[in-house]
Amino acid sequence: MLRKRSVSLSGHATSVALEPEFWAVLDEIGAQMGLGHAGLMKRIDERRGRVPLASSCRLLALAWAGGDRTFAEQESPD
């Protein structure tokens, strides 16, 4: 079952629907990076290019679960 979370990105309200297992990994990523939900979603949004946000979240969670930490090592394009 999908769980939705809402966030404001670039001044626009949006929501992302993911399976709870993906949210659990994303929460872990945020905690390890010292980012709240909104901060993590902002970083994902900034780096996703033309890939849909939900897909980017899933791909990040899969990479992280597989041991790839490059997302945390990259600088934010602020």
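Which of the following residues is part of a strand (DSSP E or B), on the phi < 0 side of the Ramachandran plot and not polar (S, T, N, Q): LYS42, LYS4?
Working: LYS42 fails: part of a strand (DSSP E or B).
None of the others qualify; the one that does is LYS4.
Take the residues in the stretch 21-76 that are more than 22 Å from LEU2 (Cβ to Cβ) and among the hydroxyl-bearing types (Ser, Thr, Tyr), then tell me which one is most open to solvent (accessible area, probe 1.4 Å). Residue satisfying both the conditions and the ranking: THR70. Residues of the stretch 24-72 that are small (Gly, Ala, Ser), more than 17 Å from ALA13 (Cα to Cα) and free of Cβ contacts under 8 Å to residues at least 12 places away in the same chain: ALA24, GLY30, ALA31, GLY34, GLY49, SER55, ALA63, GLY66, GLY67. In this structure, VAL16 does satisfy being modelled with pLDDT of 95 or more, surrounded by 11 or more Cβ atoms within 10 Å (Cβ to Cβ) and in a strand (DSSP E or B).
The values are calculated or read from the model by the stated rules, or taken from the named source; none is laboratory data. For clarity, every value in this text was computed on a predicted model and none was experimentally measured. A quick note on method: Cβ atoms are made from the backbone with ideal geometry, for glycine too, and the neighbour counts reach across all protein chains shown. Protein only, heavy atoms only, side chains kept; ligands, DNA and RNA dropped before computing areas. Shrake-Rupley method; radii C 1.70, N 1.55, O 1.52, S 1.80 Å.
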